[in-house]
Every structure is written in structure tokens, then in C-alpha cells.
1. Could you look through segment 360-385, keep only residues that are part of a strand (DSSP E or B) and free of Cβ contacts under 8 Å to residues at least 40 places away in the same chain, and pick out the one that is surrounded by the fewest Cβ atoms within 10 Å (Cβ to Cβ)?
2. Do we have residue 281 as crowded, with 16+ Cβ neighbours inside 10 Å, over 46 Å from the mean Cα position of the chain (by Cα) and under 30 Å from residue 46 (Cα atoms) here?
3. Of the residues that make up segment 418-439, is at least one without any contact (Cβ under 8 Å) to a residue 60 or more places away in the chain, in contact with a helix residue (DSSP H, G or I) (Cβ under 9 Å, 6 or more places away or on another chain) and either crowded, with 19+ Cβ neighbours inside 10 Å or part of a strand (DSSP E or B) (or both)?
4. With in contact with a helix residue (DSSP H, G or I) (Cβ under 6 Å, 6 or more places away or on another chain) and closer than 24 Å to residue 198 by Cβ as the only criterion, which of 248, 287 stands out?
5. Check whether at least one residue in segment 137-149 is at pLDDT below 75, within 40 Å of the chain's Cα centre (by Cα), farther than 30 Å from residue 295 by Cα and in a helix (DSSP H, G or I), and report yes or no.
6. Condition (residue is more than 25 Å from residue 122 (Cα to Cα), over 28 Å from the mean Cα position of the chain (by Cα) and modelled with pLDDT of 85 or more) applied to segment 393-410: is it met by at least one residue?
7. Looking at residue 450, is it in contact with a helix residue (DSSP H, G or I) (Cβ under 6 Å, 6 or more places away or on another chain), assigned by TED's automatic domain parsing to the domain that holds residue 588 and part of a strand (DSSP E or B)?
8. List every residue pair whose Cβ atoms sit under 7 Å apart, with the two residues 6 or more apart in sequence or on different chains, where the first one lies in segment 263-284 and is free of Cβ contacts under 8 Å to residues at least 60 places away in the same chain and the second, anywhere, is surrounded by fewer than 16 Cβ atoms within 10 Å (Cβ to Cβ).
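The values are calculated or read from the model by the stated rules, or taken from the named source; none is laboratory data. Note that the coordinates shown come from a computational prediction; the quantities given were computed from them, not determined experimentally. Cβ atoms come from the backbone with ideal geometry, glycine included; neighbour counts cover every protein chain shown.
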């Protein structure tokens, strides 16, 4: 565990190194701040010594009492002023570096998370990822800004106080030091317990956020099926688990604080007892005893803060562990490092993808889980400019073909070719630029319509309007209150299902892809909208290679080839007329759908 913590903490060095000067100034200020804090009890003790005509510091010897007191009070005020001034600069710098650290780590976490394949996102709920991007990063920032630098400051202060005490009165200094030994080992033992308890808190908080996010996203279904009571009970159960985990950390935190207070009281009582005896026997003066009483109290202030900061650090180390687990997740789908990729990348970026492409699947096998194969040795070829339709019952692997073609997943066996090139050798930006995918359930981002149509394309509003006019989408834009500037709610909540589908078709069409993939793109449209768009869709399809996943067989009769899947295997292949005459699965599906019995 410690070696992993060290490795993960070292990973933070590049983030902090960018603010090296500010951090160096902060560390440099630790010594004068600690010195100003340590000198204050000494000056107060000297005031008592002057008043009782005891031995004082050499620079006070021979001075009148009044003058010596004024000098001591002035020195004390100067020390307090300098300490708080430097402390203000120090705290500001620490917080500034901590906030920059937080921003950089969160940016890298976000970039890494969206680069991870769908394999990872299928396993991890969105709420748990949000917890790592928010709560865990904030905990890490708090550790750096209040924890690590604070511990260094406390250690420097503690060291200076110890050296000062021993130099003034060795015997009393050693008595106070002896009390530090048991408390140090006990606090370290409790901190290890706290670390485990804090990890449980973070896990339960992640689950709480995941459950909350799931219920908010599925609010329509929750209310429609009267699941409010059941989901509330489930959420309350997760909340109780989280509360119990937090109670565990509170107990350990309180135990550490109480232990330090008890030891501090014992230490002060010991100093008073032994020091009082030494004063009565004139071994030391009252000023020296006063100094040690103040030092015994100040000695435990860094220890209290150390214990509190160690608690923060344990929480921060838990956050570092969870953040590290996310950053250590390998990016499984990325650009090929081969030199050929660099050549293809440069070559393809200079091209406009107006020419249709050939798509080939060669013995492709794929499964989301090892014991559940989805595609089994699937092979087919869609020639350039031709249209292929894929049909089959639910679970036959139709949508998986789209995901593999877009490299959202990698096949376990076989390969997929685009114009004779393995898609793994094409840069992702090139591959996905050449593919235009329209899903049955499109995702609409919050923002205006123009942003949703443009996405990452460098298009002006006039170009967008021109493309929409060619596609026949202009009537839809005219119905919107502000046209392209109309603000859309999350997931397009202020649009109908058909309008969202229309928007998704338009944003694919304006990119002019060479391969068009459609998953029943007009399924959510009303008949009149579908009829008006059908002519423009046919024009769009005629210029490109097309792969259409069909649920209504009547829409694919004109396809150049129809691929029939069953349990991930290609069962039949041919034109509509050929397959209908064969009397196989496709023919049976046609008859059943004509009678209204099924809708694939």
C-alpha cells in the first residue's frame, strides 16, 4: 500500500512543478513563520523574569525595568505582526497552487475518462465517475493546500520549539518530549484505521451519487410505474450505509483529538508540578516556568494540527488511490503507432470524403462477456456505393456491428476493412469522420441548435442553413422560435422524438461522410415527416455506401443486399426478391410482418 501511495503521490509532481516558484516561496516562508511563533512564549517569559528581577537574556541585562518591558512588548508585537503577515502570504500561495492542481487533474481525468473504451463505461456507473471527478479531486486539493504544506509547517514549528525548550531548560524539555512518544505511535495506529474507514466512505458516496443520478435520469419511468416508494427505500438504505461509514470516521477523528487533549493536560500538569518544585527550590525562575507552560501548550498545537491534517491526508490518499485507479485504466482503443498510420493520417486529412467507401468484415467474432458470444465469424462485404440492410431478431448483433465499425469496441477475432485498410490502422479522427451514424435514439446536447448540428465541424451558420435546405430540414428550423439559435434543454427535452431524429440526421448529412450507417433513422417520425424526408434521404443514400439496420422490412426492399443475422451468425444473404423466394428466415419474417404479428 505504501509503495502504491508513493507512486501515486509522485504522479502529482508534474502538476505541482508548473507552480515551482510560488511553491518554493511558500516553503521558504515556513522557517520565519515558525520562528516568529516560537519566540513569542520566550518574550512573555522574559517579561515575567524582568518583573521578578530574575536573570534575563543578555541584550536585556542592565536595562531599566520600564525600558526592558517596552522593548519586550515591542518585540512581541513585531513578532506577531510579522508572523501573521507572512502567514497570509503563505496561505494565499498554498490555496492558489491547490486550486491550479485541482483544475489540471480534473481536466486530465475528464480527458482520460472520455478516451476510455465503452468496455470501461459499461462497468462503471456515471455517478461513480462523477464522484471521482468532483469529490475526490476536491479532497486531493484540500490535502495539498491544507495537509502536506501544513504538516511541513507544523514539523518545522515543532522542531524549533523543541530546540528552544531544550536550550532554555533541558530537564523540563526532556519531560515534555517523553510525552510525545506514546501519542505519536497511537495516532499513527489510529490513522491507519481511519484510512480504511475513509475508503468505505468514498465508495458509499459513489454508490449514493450513482443511485441518485440513475433515478433522476429515469424519472419518467419511476413516476409512470409508481416506483417512488420502492426507490426511496433503496436510496435510504444506501444513505444509511454512507452515514454509518461517516460515523466511523468521525469516531476515529474524535478519538485522536481526545487523546491529544488528555496527553496535553497531563504534560501541562507535569510541567506545573515539576517546574513549581524547581521554582521553590530556586533551581529556575518564575519567568522560565512561565515560558515552559506556554511552550507546553504550544507544543501540542502542532500535534493537534498534525493529527487533523493526517486525517485530511488519509482522506486525500484515499482520493489519490481512487483517482489513480481511474488514470491507470488503459486506453484500449487508440491510434496505431505504426508509421503507416502517420502516412494515412496525413493523406486522409487532405481528402474530402465525398467518394463512397467499401466496407468488409472478415471472420469477425465479438462478445461483451466471454460466455456470451454476440458475433461469430461474421463475414460480409458492402461494395463501394452499394446499400446493405441488416435484419434479424433482437439480440442478433445488429447494433454491435455499428459499434465495431466505429471502433467503440474491438473485435476479439477477425478484422474490419475500410477501402482495404484495417480500421485499426486508421486514426480514430479519420475513421469516424468518414462514417456518418444515425442511431434510433439520438443524443442531443444542451445548447443551441447550431452547436448540435455543428458539433466538432468548422461550419458557419450560412453553411449549416444551406445544408439543411438541401436536406429539406428548413421547415423544421422555421418552426423553432429562434431558428439555429434556439436553446435546447438536456437531451433535447423541448423537442419531440421525431424532431430529435431529424436533427441527428441533419448533423450527419452536413459532414458529407463516405459511409452512412442508419439504425432505423425514421422510426420516431410521424408518417408525414417521414414521407417528406424520404426523398432527401434517398438522395443522401445514393451518393454513399450505406448500411441500414432495419426494423420495418418494407423500408429495405430496394437494398442491394440484405444480410440476415441470427445469434451473431450470418444465416442468409441476397436481394429482397431472392430471399423472399428462398423460403428461409427472411421470407418467414416478411410474411409475419405483413400480417402485423412482429416488428423486428
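1. In the first step, residues of segment 360-385 are kept if they are part of a strand (DSSP E or B); the result is 360-369, 372-382.
Filter again for free of Cβ contacts under 8 Å to residues at least 40 places away in the same chain, leaving 369, 372, 381.
Working: 369: 7, 372: 9, 381: 14.
Within segment 360-385, the match that is surrounded by the fewest Cβ atoms within 10 Å (Cβ to Cβ) is 369.
2. Taking the combined requirement at face value, the residue does not satisfy it.
3. Yes, segment 418-439 contains a residue that is without any contact (Cβ under 8 Å) to a residue 60 or more places away in the chain, in contact with a helix residue (DSSP H, G or I) (Cβ under 9 Å, 6 or more places away or on another chain) and either crowded, with 19+ Cβ neighbours inside 10 Å or part of a strand (DSSP E or B) (or both).
4. Within the list 248, 287, the selection yields 248.
5. yes
6. For segment 393-410, residues more than 25 Å from residue 122 (Cα to Cα), over 28 Å from the mean Cα position of the chain (by Cα) and modelled with pLDDT of 85 or more: absent.
7. Spelling it out, it is not the case that residue 450 is in contact with a helix residue (DSSP H, G or I) (Cβ under 6 Å, 6 or more places away or on another chain), assigned by TED's automatic domain parsing to the domain that holds residue 588 and part of a strand (DSSP E or B).
8. Pairs found: 268/297.
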